[in-house]
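The values are calculated or read from the model by the stated rules, or taken from the named source; none is laboratory data. Since we're looking at a predicted model, the values are computed, not measured. Reconstructed Cβ throughout: ideal geometry from the backbone, glycine too, with neighbour counts over all protein chains shown. Note: areas computed on protein heavy atoms with side chains; ligands, DNA, RNA excluded. Shrake-Rupley method; radii C 1.70, N 1.55, O 1.52, S 1.80 Å.
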Amino acid sequence: MNVREAVPVPDVFDPRRYAAGVPYDAYRVLRDEHPVAWQEEPEVLGWPAGPGFWAVSRHADVVRVLKDSATYSSHLGATQIRDPDPEDLPFIRRMMLNQDPPGHGRLRRLVSRAFTPGRIERFAAVARERARTLLAAALERAARGDGTVDLVAAVTDEYALLNLTDLLGVPESDRRLLLRWTRQVIGYQDPDEAGPSVLDASGRPLNPRSPAMLRDMFAYAHQLAGHKRRHPADDIMTTLAQDPELDGPELEMFFFLLTVAGNDTVRSAAPGGLLALAEHPEPYHLLRDGKGELDLAVDELLRWHPPVLTFRRTAAQDTELAGRRIRAGDKVVVLHASANRDERAFADPGRLDLARSPNPHVSFGDGPHVCMGAHFARLQLRLLYAEVLRALPVLRPAGPAERLVSNFINGIKSLPVRTG
(Lines give C-alpha, C1' and ligand atoms only; values in the text may rest on other atoms or scores of the structure.)
Protein backbone atom coordinates (compact mmCIF):
# COMPACT_ATOMS: atom_id res chain seq x y z
CA MET A 1 0.00 0.00 0.00
CA ASN A 2 1.17 3.52 -0.76
CA VAL A 3 1.31 5.25 2.64
CA ARG A 4 0.75 8.67 1.07
CA GLU A 5 -2.51 7.56 -0.53
CA ALA A 6 -3.64 6.06 2.80
CA VAL A 7 -4.09 9.58 4.23
CA PRO A 8 -7.39 10.97 2.91
CA VAL A 9 -7.28 14.15 0.87
CA PRO A 10 -9.17 16.87 2.79
CA ASP A 11 -11.71 19.03 0.95
CA VAL A 12 -10.55 22.64 0.68
CA PHE A 13 -13.00 23.61 -2.07
CA ASP A 14 -16.31 24.10 -0.23
CA PRO A 15 -16.62 27.87 0.35
CA ARG A 16 -18.85 27.33 3.39
CA ARG A 17 -16.03 25.90 5.48
CA TYR A 18 -14.11 29.18 5.21
CA ALA A 19 -16.85 30.94 7.17
CA ALA A 20 -15.51 29.05 10.20
CA GLY A 21 -11.91 30.02 9.45
CA VAL A 22 -9.15 29.22 7.01
CA PRO A 23 -8.64 25.42 7.15
CA TYR A 24 -4.98 25.47 8.16
CA ASP A 25 -5.09 21.93 9.57
CA ALA A 26 -6.33 20.64 6.22
CA TYR A 27 -3.67 22.67 4.42
CA ARG A 28 -1.02 21.05 6.63
CA VAL A 29 -2.26 17.60 5.61
CA LEU A 30 -2.11 18.60 1.96
CA ARG A 31 1.43 19.99 2.25
CA ASP A 32 2.72 16.95 4.10
CA GLU A 33 0.85 14.20 2.28
CA HIS A 34 -0.67 15.51 -0.95
CA PRO A 35 1.20 18.66 -2.06
CA VAL A 36 -0.60 18.59 -5.42
CA ALA A 37 -4.01 17.09 -4.67
CA TRP A 38 -7.08 16.50 -6.81
CA GLN A 39 -10.17 18.27 -5.47
CA GLU A 40 -13.71 17.49 -6.48
CA GLU A 41 -15.90 20.44 -7.42
CA PRO A 42 -19.50 19.52 -6.53
CA GLU A 43 -22.52 21.76 -6.87
CA VAL A 44 -22.68 24.08 -3.87
CA LEU A 45 -24.82 27.08 -2.90
CA GLY A 46 -26.71 26.82 -6.18
CA TRP A 47 -23.57 27.05 -8.32
CA PRO A 48 -23.11 24.16 -10.75
CA ALA A 49 -20.57 21.40 -10.35
CA GLY A 50 -17.25 21.65 -12.14
CA PRO A 51 -14.70 19.16 -13.43
CA GLY A 52 -12.39 19.39 -10.41
CA PHE A 53 -8.90 20.83 -10.06
CA TRP A 54 -5.40 20.32 -8.71
CA ALA A 55 -4.79 22.13 -5.39
CA VAL A 56 -1.17 23.27 -4.93
CA SER A 57 -0.29 23.79 -1.28
CA ARG A 58 3.51 24.05 -0.83
CA HIS A 59 5.25 27.41 -1.11
CA ALA A 60 7.85 26.34 -3.67
CA ASP A 61 5.23 24.77 -5.94
CA VAL A 62 2.92 27.78 -5.64
CA VAL A 63 5.76 30.09 -6.67
CA ARG A 64 6.68 27.77 -9.53
CA VAL A 65 3.12 27.84 -10.89
CA LEU A 66 2.79 31.61 -10.55
CA LYS A 67 6.10 32.29 -12.29
CA ASP A 68 5.64 29.87 -15.18
CA SER A 69 2.90 31.47 -17.27
CA ALA A 70 3.91 29.46 -20.34
CA THR A 71 2.91 26.22 -18.59
CA TYR A 72 0.24 27.54 -16.24
CA SER A 73 -1.90 30.02 -18.14
CA SER A 74 -4.12 32.79 -16.78
CA HIS A 75 -5.68 33.26 -20.22
CA LEU A 76 -6.98 29.82 -21.12
CA GLY A 77 -9.64 29.53 -18.42
CA ALA A 78 -9.22 32.82 -16.50
CA THR A 79 -8.24 32.92 -12.82
CA GLN A 80 -11.28 31.82 -10.79
CA ILE A 81 -11.83 28.23 -9.70
CA ARG A 82 -15.29 28.12 -11.22
CA ASP A 83 -15.25 27.80 -15.00
CA PRO A 84 -16.81 30.79 -16.76
CA ASP A 85 -19.59 30.10 -19.21
CA PRO A 86 -17.96 29.40 -22.60
CA GLU A 87 -19.76 32.31 -24.25
CA ASP A 88 -18.42 34.67 -21.54
CA LEU A 89 -14.81 33.53 -21.73
CA PRO A 90 -13.68 35.88 -24.56
CA PHE A 91 -15.10 38.79 -22.59
CA ILE A 92 -13.43 37.73 -19.31
CA ARG A 93 -10.08 37.22 -21.06
CA ARG A 94 -9.92 40.95 -21.85
CA MET A 95 -9.03 41.73 -18.22
CA MET A 96 -5.32 42.16 -17.50
CA LEU A 97 -5.58 39.63 -14.68
CA ASN A 98 -6.68 37.00 -17.20
CA GLN A 99 -3.96 37.53 -19.78
CA ASP A 100 -0.52 36.00 -20.31
CA PRO A 101 2.66 37.71 -21.50
CA PRO A 102 3.27 39.61 -23.68
CA GLY A 103 -0.24 41.11 -23.79
CA HIS A 104 -0.40 41.22 -20.01
CA GLY A 105 2.83 43.21 -19.84
CA ARG A 106 1.57 45.84 -22.25
CA LEU A 107 -1.56 46.50 -20.23
CA ARG A 108 0.38 46.48 -16.97
CA ARG A 109 2.75 49.15 -18.27
CA LEU A 110 -0.16 51.32 -19.38
CA VAL A 111 -1.94 51.33 -16.05
CA SER A 112 1.27 51.65 -14.01
CA ARG A 113 1.66 55.16 -15.45
CA ALA A 114 -1.27 56.23 -13.30
CA PHE A 115 0.47 55.33 -10.03
CA THR A 116 2.89 58.27 -10.01
CA PRO A 117 5.02 58.93 -6.89
CA GLY A 118 3.56 62.40 -6.50
CA ARG A 119 0.01 61.13 -6.67
CA ILE A 120 0.71 58.44 -4.09
CA GLU A 121 2.42 60.94 -1.77
CA ARG A 122 -0.56 63.31 -1.91
CA PHE A 123 -2.90 60.39 -1.36
CA ALA A 124 -0.99 59.27 1.76
CA ALA A 125 -1.72 62.50 3.63
CA VAL A 126 -5.45 62.15 2.92
CA ALA A 127 -5.51 58.46 3.89
CA ARG A 128 -3.70 59.11 7.17
CA GLU A 129 -6.21 61.76 8.17
CA ARG A 130 -9.08 59.52 7.06
CA ALA A 131 -7.85 56.69 9.30
CA ARG A 132 -7.54 59.09 12.23
CA THR A 133 -11.03 60.53 11.70
CA LEU A 134 -12.72 57.15 11.32
CA LEU A 135 -11.03 55.78 14.42
CA ALA A 136 -11.92 58.85 16.49
CA ALA A 137 -15.58 58.55 15.53
CA ALA A 138 -15.55 54.81 16.28
CA LEU A 139 -14.02 55.36 19.72
CA GLU A 140 -16.53 58.07 20.51
CA ARG A 141 -19.41 55.73 19.68
CA ALA A 142 -17.81 52.97 21.75
CA ALA A 143 -17.40 55.30 24.73
CA ARG A 144 -21.08 56.24 24.56
CA GLY A 145 -22.02 52.57 24.47
CA ASP A 146 -20.52 49.46 26.04
CA GLY A 147 -16.90 50.08 25.06
CA THR A 148 -17.00 47.83 22.01
CA VAL A 149 -16.98 48.63 18.31
CA ASP A 150 -17.13 46.69 15.06
CA LEU A 151 -13.99 47.85 13.28
CA VAL A 152 -15.21 46.58 9.91
CA ALA A 153 -18.44 48.58 9.94
CA ALA A 154 -16.95 51.62 11.66
CA VAL A 155 -13.48 51.85 10.12
CA THR A 156 -12.02 49.41 7.59
CA ASP A 157 -14.84 49.18 5.03
CA GLU A 158 -15.07 52.97 4.79
CA TYR A 159 -11.32 53.40 4.81
CA ALA A 160 -10.78 51.04 1.88
CA LEU A 161 -13.72 52.35 -0.13
CA LEU A 162 -12.99 56.06 0.29
CA ASN A 163 -9.30 55.61 -0.41
CA LEU A 164 -10.11 53.85 -3.66
CA THR A 165 -12.71 56.37 -4.79
CA ASP A 166 -10.29 59.22 -4.08
CA LEU A 167 -7.59 57.56 -6.15
CA LEU A 168 -9.97 56.79 -9.02
CA GLY A 169 -11.65 60.18 -8.88
CA VAL A 170 -15.19 58.90 -8.28
CA PRO A 171 -17.59 61.64 -7.15
CA GLU A 172 -18.81 61.38 -3.57
CA SER A 173 -22.40 60.84 -4.71
CA ASP A 174 -21.41 57.66 -6.60
CA ARG A 175 -19.15 55.98 -4.07
CA ARG A 176 -21.67 53.46 -2.76
CA LEU A 177 -21.92 52.05 -6.27
CA LEU A 178 -18.37 50.74 -6.00
CA LEU A 179 -19.09 48.92 -2.76
CA ARG A 180 -22.19 47.33 -4.31
CA TRP A 181 -20.24 46.13 -7.33
CA THR A 182 -17.44 44.79 -5.12
CA ARG A 183 -19.88 42.79 -3.03
CA GLN A 184 -21.58 41.47 -6.15
CA VAL A 185 -18.33 40.19 -7.66
CA ILE A 186 -16.25 39.24 -4.61
CA GLY A 187 -18.92 38.09 -2.19
CA TYR A 188 -21.11 36.21 -4.66
CA GLN A 189 -20.81 32.95 -2.68
CA ASP A 190 -22.04 34.64 0.51
CA PRO A 191 -25.80 35.41 0.59
CA ASP A 192 -25.22 38.24 3.10
CA GLU A 193 -22.90 40.03 0.68
CA ALA A 194 -24.33 39.23 -2.74
CA GLY A 195 -28.02 39.43 -1.94
CA PRO A 196 -30.57 37.44 -3.97
CA SER A 197 -29.06 35.62 -6.95
CA VAL A 198 -29.91 36.73 -10.46
CA LEU A 199 -30.95 33.59 -12.33
CA ASP A 200 -30.60 32.72 -16.00
CA ALA A 201 -33.31 31.13 -18.15
CA SER A 202 -32.49 27.68 -16.77
CA GLY A 203 -32.77 28.81 -13.14
CA ARG A 204 -29.02 28.87 -12.50
CA PRO A 205 -27.31 31.87 -10.88
CA LEU A 206 -25.68 34.23 -13.37
CA ASN A 207 -21.92 34.51 -13.09
CA PRO A 208 -21.22 37.87 -11.38
CA ARG A 209 -18.37 38.44 -13.85
CA SER A 210 -20.54 37.91 -16.92
CA PRO A 211 -21.26 40.79 -19.32
CA ALA A 212 -24.92 40.79 -18.28
CA MET A 213 -24.05 41.34 -14.62
CA LEU A 214 -21.42 43.99 -15.28
CA ARG A 215 -23.32 46.08 -17.81
CA ASP A 216 -24.13 48.91 -15.38
CA MET A 217 -20.54 49.04 -14.09
CA PHE A 218 -19.14 49.37 -17.60
CA ALA A 219 -21.70 52.01 -18.56
CA TYR A 220 -20.64 53.99 -15.50
CA ALA A 221 -16.94 53.59 -16.42
CA HIS A 222 -17.58 55.19 -19.82
CA GLN A 223 -19.64 57.95 -18.25
CA LEU A 224 -16.90 58.69 -15.73
CA ALA A 225 -14.16 58.58 -18.39
CA GLY A 226 -16.07 61.07 -20.51
CA HIS A 227 -16.41 63.39 -17.53
CA LYS A 228 -12.67 63.15 -16.84
CA ARG A 229 -11.81 64.05 -20.42
CA ARG A 230 -13.92 67.20 -20.11
CA HIS A 231 -12.85 67.95 -16.51
CA PRO A 232 -9.40 66.43 -15.90
CA ALA A 233 -8.21 66.03 -12.32
CA ASP A 234 -5.35 64.44 -10.38
CA ASP A 235 -6.72 60.90 -10.37
CA ILE A 236 -6.25 57.55 -12.08
CA MET A 237 -9.39 57.68 -14.22
CA THR A 238 -8.21 60.96 -15.75
CA THR A 239 -4.91 59.36 -16.67
CA LEU A 240 -6.57 56.26 -18.17
CA ALA A 241 -9.31 58.22 -19.98
CA GLN A 242 -6.69 60.38 -21.71
CA ASP A 243 -4.43 57.48 -22.73
CA PRO A 244 -4.68 57.03 -26.54
CA GLU A 245 -3.34 53.45 -26.29
CA LEU A 246 -6.33 52.24 -24.26
CA ASP A 247 -9.42 51.28 -26.21
CA GLY A 248 -12.93 51.24 -24.76
CA PRO A 249 -13.07 47.58 -23.71
CA GLU A 250 -9.65 47.84 -22.04
CA LEU A 251 -10.76 50.91 -20.12
CA GLU A 252 -13.87 49.03 -18.96
CA MET A 253 -11.78 46.15 -17.71
CA PHE A 254 -9.30 48.41 -15.91
CA PHE A 255 -12.16 50.11 -14.11
CA PHE A 256 -13.52 46.69 -13.16
CA LEU A 257 -10.13 45.49 -11.93
CA LEU A 258 -9.29 48.63 -9.96
CA THR A 259 -12.77 48.83 -8.44
CA VAL A 260 -12.93 45.22 -7.31
CA ALA A 261 -9.31 44.26 -6.63
CA GLY A 262 -8.32 47.74 -5.48
CA ASN A 263 -11.10 47.85 -2.92
CA ASP A 264 -11.20 44.30 -1.68
CA THR A 265 -7.47 43.74 -1.15
CA VAL A 266 -7.37 46.36 1.60
CA ARG A 267 -10.97 45.68 2.65
CA SER A 268 -9.97 42.07 3.44
CA ALA A 269 -6.39 42.57 4.65
CA ALA A 270 -7.04 45.44 7.07
CA PRO A 271 -9.51 43.71 9.42
CA GLY A 272 -7.56 40.46 9.11
CA GLY A 273 -4.43 42.22 10.35
CA LEU A 274 -6.33 43.93 13.15
CA LEU A 275 -7.86 40.61 14.22
CA ALA A 276 -4.37 39.09 14.38
CA LEU A 277 -3.18 41.98 16.56
CA ALA A 278 -6.23 41.71 18.81
CA GLU A 279 -5.59 37.99 19.30
CA HIS A 280 -1.88 38.56 20.03
CA PRO A 281 -1.70 41.28 22.70
CA GLU A 282 2.03 40.94 23.43
CA PRO A 283 3.21 41.67 19.86
CA TYR A 284 0.65 44.48 19.71
CA HIS A 285 2.03 46.16 22.83
CA LEU A 286 5.63 45.73 21.68
CA LEU A 287 4.74 47.40 18.40
CA ARG A 288 2.83 50.14 20.20
CA ASP A 289 5.84 50.80 22.45
CA GLY A 290 8.01 51.35 19.40
CA LYS A 291 9.86 48.04 19.73
CA GLY A 292 9.25 46.92 16.19
CA GLU A 293 9.28 48.08 12.59
CA LEU A 294 5.86 48.75 11.16
CA ASP A 295 6.95 47.82 7.62
CA LEU A 296 7.97 44.34 8.79
CA ALA A 297 4.78 44.05 10.84
CA VAL A 298 2.63 44.87 7.80
CA ASP A 299 4.19 42.05 5.80
CA GLU A 300 3.85 39.58 8.65
CA LEU A 301 0.18 40.48 9.06
CA LEU A 302 -0.25 39.95 5.31
CA ARG A 303 1.42 36.54 5.61
CA TRP A 304 -0.84 35.69 8.55
CA HIS A 305 -4.01 36.86 6.82
CA PRO A 306 -3.61 36.95 3.03
CA PRO A 307 -6.51 38.83 1.42
CA VAL A 308 -6.72 36.30 -1.43
CA LEU A 309 -6.97 32.59 -0.64
CA THR A 310 -6.69 31.07 -4.11
CA PHE A 311 -5.95 31.78 -7.74
CA ARG A 312 -6.51 29.47 -10.65
CA ARG A 313 -4.36 28.70 -13.67
CA THR A 314 -4.96 26.26 -16.53
CA ALA A 315 -2.28 23.86 -17.75
CA ALA A 316 -1.30 24.86 -21.28
CA GLN A 317 0.48 21.55 -21.86
CA ASP A 318 1.03 18.20 -20.21
CA THR A 319 3.39 18.66 -17.28
CA GLU A 320 4.39 17.29 -13.88
CA LEU A 321 4.28 19.01 -10.50
CA ALA A 322 5.36 17.44 -7.20
CA GLY A 323 5.22 14.02 -8.83
CA ARG A 324 1.71 14.44 -10.22
CA ARG A 325 0.98 14.21 -13.93
CA ILE A 326 -1.09 17.19 -15.00
CA ARG A 327 -2.81 17.16 -18.36
CA ALA A 328 -3.22 20.09 -20.71
CA GLY A 329 -6.52 21.77 -19.86
CA ASP A 330 -6.51 20.78 -16.17
CA LYS A 331 -7.28 23.48 -13.64
CA VAL A 332 -4.39 24.19 -11.25
CA VAL A 333 -5.28 26.23 -8.15
CA VAL A 334 -2.63 27.73 -5.87
CA LEU A 335 -3.44 28.06 -2.15
CA HIS A 336 -1.87 31.31 -0.96
CA ALA A 337 -2.79 30.84 2.68
CA SER A 338 -1.27 27.36 2.73
CA ALA A 339 1.96 28.52 1.09
CA ASN A 340 2.25 31.27 3.74
CA ARG A 341 2.24 28.65 6.50
CA ASP A 342 4.64 26.21 4.84
CA GLU A 343 7.32 25.03 7.26
CA ARG A 344 9.63 24.50 4.29
CA ALA A 345 9.69 28.26 3.61
CA PHE A 346 9.11 29.84 7.04
CA ALA A 347 10.60 29.15 10.46
CA ASP A 348 7.83 28.49 12.98
CA PRO A 349 5.09 29.66 10.57
CA GLY A 350 2.34 29.19 13.17
CA ARG A 351 3.81 32.02 15.26
CA LEU A 352 2.96 35.67 14.57
CA ASP A 353 6.41 37.27 14.37
CA LEU A 354 6.09 40.98 13.61
CA ALA A 355 9.86 41.20 13.10
CA ARG A 356 10.02 38.31 10.61
CA SER A 357 12.67 38.90 7.95
CA PRO A 358 12.99 37.72 5.28
CA ASN A 359 9.30 37.13 4.69
CA PRO A 360 8.68 35.59 1.25
CA HIS A 361 4.88 35.44 1.61
CA VAL A 362 2.79 35.14 -1.54
CA SER A 363 -0.14 37.25 -0.38
CA PHE A 364 0.33 39.49 -3.41
CA GLY A 365 1.18 36.60 -5.72
CA ASP A 366 4.45 36.19 -7.62
CA GLY A 367 5.73 36.17 -11.18
CA PRO A 368 4.31 38.35 -13.96
CA HIS A 369 0.97 38.74 -12.18
CA VAL A 370 2.36 39.94 -8.84
CA CYS A 371 -0.13 42.50 -7.55
CA MET A 372 0.43 45.80 -9.30
CA GLY A 373 -1.08 47.68 -6.36
CA ALA A 374 0.98 45.91 -3.67
CA HIS A 375 2.95 49.04 -2.77
CA PHE A 376 -0.25 51.06 -2.60
CA ALA A 377 -1.96 48.40 -0.42
CA ARG A 378 1.01 48.24 1.96
CA LEU A 379 0.93 52.03 2.26
CA GLN A 380 -2.76 52.03 3.21
CA LEU A 381 -2.26 49.25 5.75
CA ARG A 382 0.78 50.93 7.29
CA LEU A 383 -1.08 54.24 7.70
CA LEU A 384 -4.12 52.53 9.22
CA TYR A 385 -2.15 50.37 11.65
CA ALA A 386 -0.09 53.37 12.77
CA GLU A 387 -3.27 55.24 13.67
CA VAL A 388 -4.72 52.20 15.46
CA LEU A 389 -1.54 51.87 17.52
CA ARG A 390 -1.72 55.57 18.38
CA ALA A 391 -5.42 55.58 19.24
CA LEU A 392 -5.96 52.24 21.00
CA PRO A 393 -3.89 51.36 24.07
CA VAL A 394 -5.82 48.08 24.21
CA LEU A 395 -7.08 46.03 21.28
CA ARG A 396 -8.84 42.81 22.18
CA PRO A 397 -11.69 40.80 20.71
CA ALA A 398 -15.20 41.44 22.02
CA GLY A 399 -16.61 38.38 20.29
CA PRO A 400 -15.90 36.14 17.33
CA ALA A 401 -15.16 37.71 13.98
CA GLU A 402 -17.67 36.94 11.25
CA ARG A 403 -16.04 35.61 8.10
CA LEU A 404 -16.99 35.64 4.45
CA VAL A 405 -18.37 32.51 2.81
CA SER A 406 -15.74 32.27 0.07
CA ASN A 407 -12.96 30.02 -1.18
CA PHE A 408 -11.44 33.03 -2.97
CA ILE A 409 -11.34 36.05 -0.64
CA ASN A 410 -10.23 35.82 2.99
CA GLY A 411 -12.90 38.28 4.07
CA ILE A 412 -13.93 39.53 7.51
CA LYS A 413 -17.53 40.79 7.65
CA SER A 414 -17.46 42.02 11.25
CA LEU A 415 -14.74 42.46 13.87
CA PRO A 416 -16.05 43.41 17.33
CA VAL A 417 -13.27 44.66 19.63
CA ARG A 418 -12.97 46.25 23.06
CA THR A 419 -11.34 49.64 23.03
CA GLY A 420 -10.53 50.01 26.71
Handout entry: Failed item in (1) part of a helix (DSSP H, G or I); (2) surrounded by fewer than 20 Cβ atoms within 10 Å (Cβ to Cβ); (3) of a type in the set (A, V, I, L, M, F, W, C), with residue 114 passing the rest
Key = (1)
Fill in the blank from the handout: Of those in the stretch 1-27 that are surrounded by 15 or more Cβ atoms within 10 Å (Cβ to Cβ) and more than 22 Å from the chain's Cα centre (by Cα), the residue farthest from residue 407 (Cα to Cα) is 9
Completion exercise
Residue pairs qualifying under the 6 Å Cβ cut-off, at least six apart or on distinct chains, with the first in the stretch 307-320 being part of a loop (DSSP other than H, G, I, E, B) and the second being open to solvent by 50 Å² or more (accessible area, probe 1.4 Å), are 317/328; 318/327; 318/328
Practice task
Output the residues belonging to the stretch 367-399 that are β-branched (Val, Ile, Thr), open to solvent by less than 50 Å² (accessible area, probe 1.4 Å) and at pLDDT below 95.
Solution key: 394
Fill in the blank from the handout: Of the listed residues (62, 44), the one being under 19 Å from the mean Cα position of the chain (by Cα) and among the β-branched types (Val, Ile, Thr) is 62
Completion exercise
A careful count of residues in the stretch 300-319 that are open to solvent by less than 10 Å² (accessible area, probe 1.4 Å) and hydrophobic (A, V, I, L, M, F, W, C) gives 4
Practice task
Output the number of residues of the stretch 69-103 satisfying the condition of being more than 19 Å from the chain's Cα centre (by Cα) and more than 19 Å from residue 211 (Cβ to Cβ).
Solution key: 10
Practice task
With respect to residue 174, determine if the residue is surrounded by 14 or more Cβ atoms within 10 Å (Cβ to Cβ), in contact (Cβ under 8 Å) with a residue 12 or more places away in the chain and either within 22 Å of the chain's Cα centre (by Cα) or more than 29 Å from residue 16 (Cβ to Cβ) (or both).
Solution key: no
Completion exercise
Only one of 265, 156 is on the phi < 0 side of the Ramachandran plot, touching a Lys or Arg at 6+ places or on another chain (Cβ under 7 Å), assigned to a helix (DSSP H, G or I) and at pLDDT 85 or above, namely 156
Completion exercise
Of the listed residues (406, 357), the one being in a loop (DSSP other than H, G, I, E, B), within 24 Å of residue 20 (Cβ to Cβ) and small (Gly, Ala, Ser) is 406
Handout entry: Condition broken by residue 246, with the remaining ones in (1) in a helix (DSSP H, G or I); (2) over 30 Å from residue 22 (Cα atoms); (3) open to solvent by less than 50 Å² (accessible area, probe 1.4 Å); (4) not basic (Lys, Arg) satisfied
Key = (1)
Exercise for the section: Note down all Cβ pairs under 7 Å where the first residue falls in the stretch 282-304 and is closer than 13 Å to residue 394 by Cβ, the second is at pLDDT below 95, and they're at least six residues apart or on different chains. Expected result: 284/395
Completion exercise
Restricting attention to the stretch 347-366, the residues that are open to solvent by less than 30 Å² (accessible area, probe 1.4 Å) and free of Cβ contacts under 8 Å to residues at least 60 places away in the same chain number exactly 1
